[in-house]
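These notes are about the structure you will find just below.
The values are calculated or read from the model by the stated rules, or taken from the named source; none is laboratory data. Since we're looking at a predicted model, the values are computed, not measured. Every residue, glycine as well, gets a Cβ built from its backbone with ideal geometry; the counts of neighbours run over all protein chains shown.
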Amino acid sequence: MKGEPRPLAVERTLGRVLSDYLVLVRPRISAFVLFAAFTGGLLGAPTGTPLTRVLLAALFVGLVGASSSVFNQVLERETDRLMRRTATRPLPAERMSVRDAVIFGAVLGLLGVAGLTVTFQPLSALLALSTLASYVLVYTPLKRHTSLNTVVGAIPGAMPPLLGFVALSGHAGSWGWMLFATLFAWQFPHFFAIAWLYQEEYRRAGMRMLPALPGAAGLAGRQALLYSLVLLPVSLIPAVRGEAGTVTVVAALVLGGAYLASSAAFAWRETRVTARAVLLTSLFYLPLLYAAVLFDPAVSLAFRN
């Protein structure tokens with residue numbers, strides 16, 4: 001009858017469906033993509049650009065990123081079934097059909113690319129589409145064939161701030177490339193720590209992640225240390241070029257030093273404690289560095305002039 005509460009089973013089913021769609025877009029990663037694209041967009045926006053327009057560009061970039069996550073899970077549903085940490089996802093657990101996931105991913109990607117095309121610069125739409133294609137069609141299949149997949153995947157993974165910058169400015173300016181370079185280098189210690197923590201699962205699933213390869217003991221830590229060493233000077237490039245000030249320098253040195261120290265400990269001795277320390281440090285590094293850039297008075301002054 002009208003006015004009666006819905007059956008609890010129906011509410012649970014609807015809640016589960018919505019939860020499964022949320023899992024497909026990997027909300028924590030999507031949230032970071034949005035923030036990275038927003039940072040790039042804000043730095044690329046002409047003077048007087050409404051903040052809502054920057055947010056809209058970030059949303060469209062975020063939709064493309066979410067589409068990449070969906071298609072990644074479509075292609076990896078069989079290997080996800082073999083790993084404990086991913087076996088409960090909607091596709092390997094067969095709570096959702098492949099057709100529904102493909103439609104969902106296609107809609108997200110279409111909305112993101114179309115939105116960038118119509119509302120912003122066509123170049124940003126073309127780059128976003130290329131990012132989606134390289135992540136899904138190149139990086140994802142490579143994970144089963146070569147450990148170089150991490151290098152290949154780091155390219156589309158570093159694109160969100162550059163896409164945001166291009167969407168608002170119409171070109172890939174110096175800040176767009178600097179944010180790209182920082183994000184590119186940041187990814188390696190982060191992903192090597194994850195790969196080390198779950199190396200047995202990756203090995204069982206046939207994924208060619210560096211720590212899961214025969215005779216690769218110690219390589220993940222050394223590679224993490226190498227890229228954290230690269231990241232430190234890369235993050236200081238804006239200050240060297242005179243496009244950032246003290247706030248960015250201090251943040252880059254403190255955060256970069258912490259990332260370097262945790263990576264050095266991981267390289268010295270690969271344990272669950274040191275790997276988790278790298279992972280935890282990485283999760284703080286980028287949001288705090290990007291926030292420092294946005295609140296740096298020298299950066300704001302440069303863009304006002």
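Given the conditions (1) under 25 Å from LEU142 (Cα atoms); (2) part of a loop (DSSP other than H, G, I, E, B), and given that GLN73 satisfies all but one, which numbered condition is not satisfied? Going through (1) under 25 Å from LEU142 (Cα atoms); (2) part of a loop (DSSP other than H, G, I, E, B) one by one, GLN73 breaks only (2).
Within region 256-280, the set of residues being surrounded by 21 or more Cβ atoms within 10 Å (Cβ to Cβ) and within 19 Å of PHE184 (Cα to Cα) comprises GLY256, TYR259, SER262, SER263, VAL278. Against the list (1) under 21 Å from the mean Cα position of the chain (by Cα); (2) surrounded by fewer than 24 Cβ atoms within 10 Å (Cβ to Cβ), the condition PHE60 fails is (2).
Taking only region 136-171 into account, find how many residues are part of a loop (DSSP other than H, G, I, E, B), over 13 Å from ALA36 (Cβ atoms) and not polar (S, T, N, Q).
Count: 6.
When region 95-115 is filtered for residues that are in a helix (DSSP H, G or I) and of a type in the set (D, E, K, R), the ones remaining, listed by number, are ARG99, ASP100. Does region 181-199 contain at least one residue that is surrounded by fewer than 19 Cβ atoms within 10 Å (Cβ to Cβ), in contact (Cβ under 8 Å) with a residue 24 or more places away in the chain and in contact with a Ser or Thr (Cβ under 8 Å, 6 or more places away or on another chain)? For region 181-199, residues surrounded by fewer than 19 Cβ atoms within 10 Å (Cβ to Cβ), in contact (Cβ under 8 Å) with a residue 24 or more places away in the chain and in contact with a Ser or Thr (Cβ under 8 Å, 6 or more places away or on another chain): absent.
Looking at VAL278, VAL240, VAL273, just one residue is farther than 23 Å from ALA37 by Cα and touching a His at 6+ places or on another chain (Cβ under 8 Å), and that residue is VAL278. Residue pairs whose Cβ atoms lie under 6 Å apart, sitting 6 or more positions apart in sequence or on different chains, and linking a residue in region 1-25 that is closer than 19 Å to LEU91 by Cβ and not assigned by TED's automatic domain parsing to the domain that holds VAL61 to a partner that is modelled with pLDDT under 55 and of a type in the set (Val, Ile, Thr), do not occur here.
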